[in-house]
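J.: First the structure, which I've put down as structure tokens, then a few questions once you've had a look.
The values are calculated or read from the model by the stated rules, or taken from the named source; none is laboratory data. This structure is a prediction, so every number in the text was calculated from the model and none was measured. Note that we place each Cβ from the backbone using ideal geometry, even for glycine, and neighbour counts take in every protein chain shown.
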Amino acid sequence: MLEFFKEGLLQFLSYSGFGNCTWGHIIMICIGLIFIALGIIKEFEPLLLVPIGFGIIIGNIPFTDGLQVGVYESGSVLNYLYFGVVKGFYPPLIFLGIGAMTDFSALISNPKLILIGAAAQFGIFAAYITALLLGFTPMEAGAIGIIGGADGPTAIFISSKLAPSMMGAIAVSAYSYMALVPVIQPPIMRLLTTPQERVIRMRPPRAVSHREKVLFPMLCILLTAFLVPTGLPLLGMLFFGNLLKESGVTKRLANTASGPIVDIVTILIGLTVGASTQATNFLRPASVLIFVLGAFSFVIATASGVLFVKFFNLFLKEGNKINPLIGNAGVSAVPDAARVSLVEGQKYDRTNFLLMHAMGPNVAGVIGSAVAAGILLSFLY
Amino acid sequence: MKLFSKYILLVAALFAVTATFGQSVHDLRLNEMMIENEENYADEYGRHVPWVEIFNTAYNTVNITGCFLTDDTTGLAAAGKKGGKIPAHWYRIPTDQKMFMPQRSFLIFFLDDSPLYGPYHTNFNPAKSKTHYIALISSDAKELLDMVEYPVELRDTCRSYGYVQDGVRDPKAFKAGKRQAGELAYLDDFTPASSNETAPKISKQDKLKQDDPYGIGMALISMAVVFTALIMIYIMLKIFNYVTRRATQKSKAQAEPQKVAAVANKDDDDVDAVNAEVVAAIGVAMHLHFGSMHDEESEVITINMPSKHYSPWAQKELTMKRNPRR
């Protein structure tokens, strides 16, 4: 009887998390807790870091295989939820919400700012080249490079197609750097600008008519999707969401897209991407390299945006010049990157409000990173 | 208006150019053919007849409706002229059948001299022909899209003949009526409706790694495409700006005819900016005004401990059913 009891207890223990725990699981759980702490205490992108952090904890609870509980086990609940990440249909739904939340007025009123959004995409391709030199395959390099777009959904969309085995590391890296925009970008901006440039005042944007706002998404989808059809899932949803917002007659749909839909998908994508970082898949030297390359990509993207503005200013007349502190906003971390421009600008001139000017390149960055993602797919997929 | 027309023309030209490059019958090739078909590929009636495979080398759909297949190009120059007569021995791919070839796809035509058997059966048979070539001619009968000259022995050999690499030909040599050595050859395997390259294929990724080992080429092309896409949007927004400015000027001119001269001299951007600032100032003032107002508070301020701690479970309001929102 005692023997049976002992055996039963040992068998139960072998099924429990304690019996299967490794150092890897503990490290990952700690990372998950740090994410949650950063989200709650520091309020760095809490809407993303809290679900991802909790997902990391869920994904790293040790268990024996075959119980249909893990995210990679066919038939498990988490596996079903993860399906939207694997097949890439969560990111376009998030883009629908982003479109329904984004006001493109700043871009429409000052079109030249759109070019900053294009220049900042250089970070993606610089990281691609570096990843190739470090021995990654072209598909893996493309998936790593997209971190420089500072766009979580795009990073997931691309990595799910080009390098599914690296998706967890790429998504966590992308979202981490997005959350750390206020920490990463300011030193680069200060390094690359002079005190005189930081106080440049830009002309206030003109008022944008309703007709322009309605026409903008329709013409943009025609122009961009014809050029890069592979970017259609992201670009199509982005501009569709924006049309819902701007048309003025589909307020309910716009509210649903920018509210419940984006909230539900954010919860699911955050949780499942977090859960996909199982220690056995995640704790590898390649993941560390992905984090390093992601940071490099982010730095280059920020620097490209700032340097492009400085270059662009050479051709602009006095009074029309652009403050290079909005160059960092060319990455598509909306609106954090634009907020960084404002904060940095006000450190040197408290009456200089750069937020709305920075929103131009910031939303251009969203379009630019979706286009860049489409190009990567057409080359590599 | 001049500037406006310039931008419109630029966008239209861009679309026209890309559309022209996008879809073209010039991308079609007579990729593979077989004449002595003893027991290989059969048509829909189970017959083993000569066949030719057309390959769309492009990465987009091509419409081949109305193009001609023939074993005798005599009369090409005359047919292409205005009012020119199409020779009777040319087989026209039926115009009532919309034939679109998807990107990198193959299409088989049976050269059995039996056009009544269906749209994929031609009105000539190379086994009976005096010439030894097959030609594909454009739908306007002006251009020779591709022509494969085959060895006469092919009529007695049960083998297929065609491009060694799918549809790859030297354009300069073809224009001069010649072929690069080794471009066309007897194929090791007959592969109707599939690639002639039967050797293990190098993957897209490996090819990219081979052609562009450092990724610089791809990075440059990609950045060029990103800039092109956003420059196109920039041009569109410039048109917006121009049209809006014109419309503003027009409406102002109609509203205040006596001030037209003054308005024309002033920069419209400044006018809009002032208006926007005024609107923002009014908005801030109203926000501050309403933000500082308070409702009358119903609570009682006391230093005594509350008799009962607050709990939402005891809140009557939450236990009542709410009216549905419309």
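J.: From the list A:G99, A:G88, which residue is more than 13 Å from A:S369 (Cβ to Cβ), in contact with a Leu (Cβ under 6 Å, 6 or more places away or on another chain) and away from chain B (no Cβ under 12 Å)?
T.: The unique qualifying residue is A:G99.
J.: In addition: Given the condition acidic (D, E) and part of a helix (DSSP H, G or I), answer yes or no: does some residue in the stretch B:148-159 qualify?
T.: Scanning the stretch B:148-159 turns up at least one residue that is acidic (D, E) and part of a helix (DSSP H, G or I).
J.: Does the stretch A:155-175 hold any residues that are in contact with a Phe, Trp or Tyr (Cβ under 8 Å, 6 or more places away or on another chain) and either polar (S, T, N, Q) or surrounded by fewer than 24 Cβ atoms within 10 Å (Cβ to Cβ) (or both), and which are they?
T.: Selection gives A:K161, A:S173.
J.: Of A:G327, A:G319, which residue is touching a Lys or Arg at 6+ places or on another chain (Cβ under 9 Å) and part of a helix (DSSP H, G or I)?
T.: Going through A:G327, A:G319 in turn, the sole match is A:G327.
J.: So, one more: Kindly indicate whether B:L184 is buried (at least 17 other Cβ atoms within 10 Å of the Cβ), within 14 Å of chain A (Cβ to nearest Cβ) and either out of contact with any helix residue (DSSP H, G or I) (no Cβ under 7 Å at 6 or more places or on another chain) or not hydroxyl-bearing (S, T, Y) (or both).
T.: No: the conditions fail for B:L184.
J.: Looking at the stretch A:95-107, is at least one residue among the aromatic types (F, W, Y) and more than 18 Å from A:L293 (Cβ to Cβ)?
T.: Within the stretch A:95-107 (the criterion being among the aromatic types (F, W, Y) and more than 18 Å from A:L293 (Cβ to Cβ)), the answer is yes, since at least one residue qualifies.
J.: Looking for whichever is closer than 28 Å to B:N63 by Cβ and of a type in the set (A, V, I, L, M, F, W, C) here; the options are B:L208, B:L145. Which one fits?
T.: Going through B:L208, B:L145 in turn, just one is closer than 28 Å to B:N63 by Cβ and of a type in the set (A, V, I, L, M, F, W, C): B:L145.
J.: Taking strands (runs of 3 or more DSSP E) that do not extend beyond the stretch B:5-115, which have at least 1 residues that are modelled with pLDDT under 85 and surrounded by 17 or more Cβ atoms within 10 Å (Cβ to Cβ)?
T.: Once the strands (runs of 3 or more DSSP E) in the stretch B:5-115 are filtered for at least 1 residues that are modelled with pLDDT under 85 and surrounded by 17 or more Cβ atoms within 10 Å (Cβ to Cβ), nothing remains.
J.: Which numbered condition trips up A:I290, out of (1) touching a Ser or Thr at 6+ places or on another chain (Cβ under 7 Å); (2) within 17 Å of A:V181 (Cβ to Cβ)?
T.: (2)
J.: Continuing with the same structure: Name the residues in the stretch B:91-116 that are under 24 Å from B:V62 (Cα atoms) and either hydroxyl-bearing (S, T, Y) or in contact with a helix residue (DSSP H, G or I) (Cβ under 8 Å, 6 or more places away or on another chain) (or both), would you?
T.: Within the stretch B:91-116, B:Y91, B:T95, B:S105, B:F110, B:L111 meet the criteria.
J.: Oh, and also: Six or more apart or on different chains, Cβ atoms under 6 Å: show the pairs whose first residue is in the stretch B:170-183 and assigned to a loop (DSSP other than H, G, I, E, B) and whose second is basic (K, R).
T.: Cβ pairs passing all conditions: B:E183/B:R169.
J.: Filter the stretch A:368-381 for residues that are more than 15 Å from B:A224 (Cα to Cα) and in a helix (DSSP H, G or I); which is farthest from the other protein chains (Cβ to nearest Cβ)?
T.: Across the stretch A:368-381, the extreme among qualifying residues is A:L377.
J.: Suppose the filter is under 16 Å from the mean Cα position of the chain (by Cα) and modelled with pLDDT of 90 or more; does A:G327 pass it?
T.: For A:G327, the condition - under 16 Å from the mean Cα position of the chain (by Cα) and modelled with pLDDT of 90 or more - is not met.
J.: Take the residues of the stretch A:210-268 that are charged (D, E, K, R) and under 15 Å from A:G99 (Cα atoms): which is nearest to the chain's Cα centre (by Cα)?
T.: A:D263
J.: Follow-up question, since we're still on this one. Anything in the stretch A:113-152 that is crowded, with 24+ Cβ neighbours inside 10 Å, outside any helix (DSSP H, G or I) and more than 10 Å from every other protein chain (Cβ to nearest Cβ)? List them, or say none.
T.: If the condition is that a residue be crowded, with 24+ Cβ neighbours inside 10 Å, outside any helix (DSSP H, G or I) and more than 10 Å from every other protein chain (Cβ to nearest Cβ), then A:A150, A:D151 are the ones that fit.
J.: Does A:R201 meet the test of being in a loop (DSSP other than H, G, I, E, B) and either at pLDDT 90 or above or within 29 Å of B:Y242 (Cα to Cα) (or both)?
T.: yes
J.: For the stretch B:193-240, give me each residue that is more than 10 Å from every other protein chain (Cβ to nearest Cβ) and crowded, with 18+ Cβ neighbours inside 10 Å.
T.: Result: B:N196, single match.
J.: I've got another one for you. Mind telling me which of the residues A:V208, A:V199 ends up being within 14 Å of chain B (Cβ to nearest Cβ), over 21 Å from A:I290 (Cβ atoms) and in contact (Cβ under 8 Å) with a residue 40 or more places away in the chain?
T.: A:V208
J.: Which residues, counting only those in the stretch A:58-72, are without any contact (Cβ under 8 Å) to a residue 60 or more places away in the chain and within 27 Å of the chain's Cα centre (by Cα)?
T.: Of everything in the stretch A:58-72, just one residue is without any contact (Cβ under 8 Å) to a residue 60 or more places away in the chain and within 27 Å of the chain's Cα centre (by Cα), namely A:I61.
J.: A follow-up question, please. Residues of the stretch B:118-143 being surrounded by fewer than 17 Cβ atoms within 10 Å (Cβ to Cβ) and either part of a loop (DSSP other than H, G, I, E, B) or modelled with pLDDT of 90 or more (or both), which ones?
T.: Those that are surrounded by fewer than 17 Cβ atoms within 10 Å (Cβ to Cβ) and either part of a loop (DSSP other than H, G, I, E, B) or modelled with pLDDT of 90 or more (or both): B:G118, B:P119, B:N125, B:K130, B:T131, B:H132, B:Y133, B:D140, B:K142, B:E143.
J.: Within the group A:F291, A:F216, which residue is in contact (Cβ under 8 Å) with a residue 12 or more places away in the chain, surrounded by fewer than 22 Cβ atoms within 10 Å (Cβ to Cβ) and not in a loop (DSSP other than H, G, I, E, B)?
T.: One residue alone meets the criteria, A:F291.
J.: Same structure, new question: Going residue by residue through the stretch A:236-250, is there one that turns out to be of a type in the set (A, V, I, L, M), in contact with a Gly (Cβ under 8 Å, 6 or more places away or on another chain), under 18 Å from B:T228 (Cα atoms) and within 14 Å of chain B (Cβ to nearest Cβ)?
T.: no
J.: Do you know which residues across the stretch A:3-34 are of a type outside the set (A, V, I, L, M, F, W, C) and within 14 Å of A:L283 (Cα to Cα)?
T.: Within the stretch A:3-34, A:T22, A:G24, A:H25, A:G32 meet the criteria.
J.: Which of the following residues is within 21 Å of A:Y177 (Cα to Cα) and surrounded by 15 or more Cβ atoms within 10 Å (Cβ to Cβ): A:I27, A:I52, A:I34, A:I58?
T.: Checking each option against the conditions leaves just A:I52.
J.: Can I ask one more? Condition first: in contact (Cβ under 8 Å) with a residue 40 or more places away in the chain and in a helix (DSSP H, G or I). Now tell me which residues in the stretch A:348-357 satisfy that.
T.: A:Y348, A:M356, A:H357
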